[in-house]
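Contents: one structure, followed by commentary.
The values are calculated or read from the model by the stated rules, or taken from the named source; none is laboratory data. Because the structure is predicted, anything quoted here is derived from the model rather than measured. Here the Cβ positions follow ideal geometry from the backbone for every residue, glycine too, while neighbour counts run over all protein chains shown.
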Amino acid sequence: MLKSLKGKTILLGITGGIAAYKAAALTSKLVQKGAEVHVIMTASAKQFITELTLQSLSKQRVYSDTFQERDPSSISHIDLADSADLVIVAPATANIIAKMAHGIADDMLSTTLLATTAPIMVAPAMNVHMYQHPAVLSNLDTLAKRGIQFIEPGEGLLACGYVGKGRLEEPETIVSYVEDFFALQESVKSSPLKGKKIVITAGGTVERIDPVRYISNDSSGKMGFALARAARAMGAEVTLIAARTDEAPPQDPDMNVIRVQSAQEMYDAVTAQWDSCDIMIKAAAVSDYRPKQSEPSKIKKSGDTLTLELIKTTDILETLGKNKDKQFLIGFAAETGNTEFYAKDKLVRKNCDLIVANNVAAAGAGFGSDTNIVSIYDVDGLVLELPQLSKDEVARRLLTLVAERITGASL
């Protein structure tokens with residue numbers, strides 16, 4: 001895994017919270033890793049830490065005033081926006097998060113953020129009640145849908161005296177996220193899955209009661225679609241088997257898309273691809289039960305109750321696990337509690353190589369969301385724990401792990 005940041009230009013935005021003092025250590029550690037760090041401070045950030053401190057640590061001019069143009073041949077916020085390989089906002093207050101969500105550009109940092117096309121990482125830091133406020137959560141969700149990556153705050157004693165979630169993540173951890181980000185970029189460029197045949201399932205299956213009613217679940221297909229996009233970007237030959245989804249599958253002419261409805265149709269499509277695939281990722285939510293009988297015409301209302309007899313569907317993941325040969329098998333475990341226990345149990349029972357677990361009851365990790373919070377396990381236990389990230393980012397990180405496992409090389 002790439003550890004040096006040599007040759008990388010990082011734009012660090014610092015906003016006005018007590019956690020701004022940690023930005024000094026973050027700047028220093030990024031520079032030590034070889035990065036060229038350009039700092040933009042808001043006016044309120046300068047109430048907590050000085051420009052001189054950041055200038056001394058970064059060995060670069062520090063910016064804070066949109067109109068303080070020292071070079072007549074260039075516009076500073078555009079040059080900074082264009083030169084960045086990555087933008088980090090740490091600490092990110094509720095104010096800057098709101099500005100980013102609503103496209104407000106009223107100072108040097110918010111203007112530059114609006115101008116950049118570089119990837120952006122946001123590390124929030126604020127009072128626990130502010131972090132949980134519906135307006136802040138809505139803004140975070142808006143940014144996540146745009147592909148902004150988040151480094152979630154830690155829990156503990158906050159400067160305000162409260163104990164809870166809202167403390168800026170430690171500089172060492174943020175640097176680790178940055179290293180992983182660039183390592184992932186390099187792995188994608190090298191096409192680590194080139195020539196591998198990957199089958200990915202997505203969406204929720206539909207079990208018909210009659211022509212107008214069915215049993216299903218809340219799976220949107222977004223995670224499966226993100227995996228399909230990431231696998232194609234890494235050079236894989238992708239077959240996407242999609243049940244009911246909230247949106248259309250990726251429009252990629254080189255991707256083989258198979259649409260199904262029921263668990264049985266999903267089973268037939270998956271098993272038809274099983275022998276020839278190298279990697280199988282079962283991200284679909286397959287119905288565990290189906291009506292014993294599907295009526296050919298609409299059931300008419302009669303009486304106060306209706307009894308519906310259900311029978312078990314074939315467990316696709318378990319079947320694949322029993323017949324696994326050369327394939328690398330990945331399952332998903334969507335839980336609402338005791339997630340680790342159920343995930344590990346499922347991994348063993350169904351003979352998976354990896355299991356991706358998430359608590360769908362948690363904000364930012366549920367069905368239909370554009371973000372996810374996952375933990376990845378193998379037979380030895382926890383392999384990788386990811387904070388709230390876009391599903392595309394989760395997909396890239398999972399597939400990077402898979403590529404490392406099947407090639408034996410660290411990417």
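Looking only at residues in the range 220-264 that are of a type in the set (Ser, Thr, Tyr) and either out of contact with any Gly (no Cβ under 6 Å at 6 or more places or on another chain) or not assigned by TED's automatic domain parsing to the domain that holds Gly204 (or both), which one is surrounded by the fewest Cβ atoms within 10 Å (Cβ to Cβ)? The selected residue is Ser262. For the range 273-298, the candidate set comprises residues that are charged (D, E, K, R) and in a strand (DSSP E or B); within that set, the residue that is nearest to Arg213 (Cα to Cα) is Arg290. Meeting the requirement of 1 or more residues that are in the same structural domain as Asp246 (by TED's automatic domain parsing) and over 28 Å from Arg232 (Cα atoms), the strands (runs of 3 or more DSSP E) wholly within the range 145-219 are 207-210, 213-215. Against the definition (among the β-branched types (Val, Ile, Thr) and surrounded by fewer than 19 Cβ atoms within 10 Å (Cβ to Cβ)), how does Ile18 come out, yes or no? In short, yes.
Quick check on this structure: which one of Asp79, Asp85 is over 21 Å from the mean Cα position of the chain (by Cα), within 25 Å of Leu30 (Cα to Cα) and among the acidic types (Asp, Glu)? Lay out the reasoning, then the answer.
On the way: Asp85 fails: over 21 Å from the mean Cα position of the chain (by Cα).
Just one listed residue meets the conditions, Asp79.
Does Ser4 satisfy being in contact with a Leu (Cβ under 8 Å, 6 or more places away or on another chain) and surrounded by fewer than 24 Cβ atoms within 10 Å (Cβ to Cβ)? No, not satisfied. Hey, any hits in the range 87-95 for a residue that's in the same structural domain as Gly13 (by TED's automatic domain parsing) and part of a helix (DSSP H, G or I)? Checked against the condition, which is being in the same structural domain as Gly13 (by TED's automatic domain parsing) and part of a helix (DSSP H, G or I), the range 87-95 yields at least one hit. Taken residue by residue, the range 261-268 has no member that is among the aromatic types (Phe, Trp, Tyr), outside any strand (DSSP E or B) and within 24 Å of Asp392 (Cα to Cα). Of the conditions (1) surrounded by fewer than 23 Cβ atoms within 10 Å (Cβ to Cβ); (2) farther than 25 Å from Asp278 by Cα, Thr371 fails just one. Which one is it? In the conditions (1) surrounded by fewer than 23 Cβ atoms within 10 Å (Cβ to Cβ); (2) farther than 25 Å from Asp278 by Cα, Thr371 misses (1) alone. Restricting attention to the range 154-177, report how many residues are surrounded by 15 or more Cβ atoms within 10 Å (Cβ to Cβ), of a type in the set (A, V, I, L, M) and free of Cβ contacts under 8 Å to residues at least 60 places away in the same chain. Number of matching residues: 1. Residues in the range 9-43 that are in a strand (DSSP E or B), within 26 Å of the chain's Cα centre (by Cα) and not β-branched (Val, Ile, Thr): Leu11, Leu12, Gly13.
Suppose we keep only residues that are under 15 Å from Gln32 (Cα atoms) and touching a residue at least 24 places away in the same chain (Cβ under 8 Å) within the range 46-67. Which one would you say is surrounded by the fewest Cβ atoms within 10 Å (Cβ to Cβ)? Applying the filter and picking the extreme gives Lys59. Checking the stated criteria, Lys22 turns out not to satisfy the condition of being of a type in the set (Lys, Arg) and over 18 Å from Val122 (Cα atoms). Taking the conditions (1) closer than 28 Å to Ser176 by Cβ; (2) part of a helix (DSSP H, G or I); (3) in contact (Cβ under 8 Å) with a residue 40 or more places away in the chain in turn, Lys99 satisfies each one other than (3). So is Leu114 surrounded by 22 or more Cβ atoms within 10 Å (Cβ to Cβ) and either touching a residue at least 12 places away in the same chain (Cβ under 8 Å) or farther than 20 Å from Lys8 by Cβ (or both) or not? Criteria not met by Leu114.
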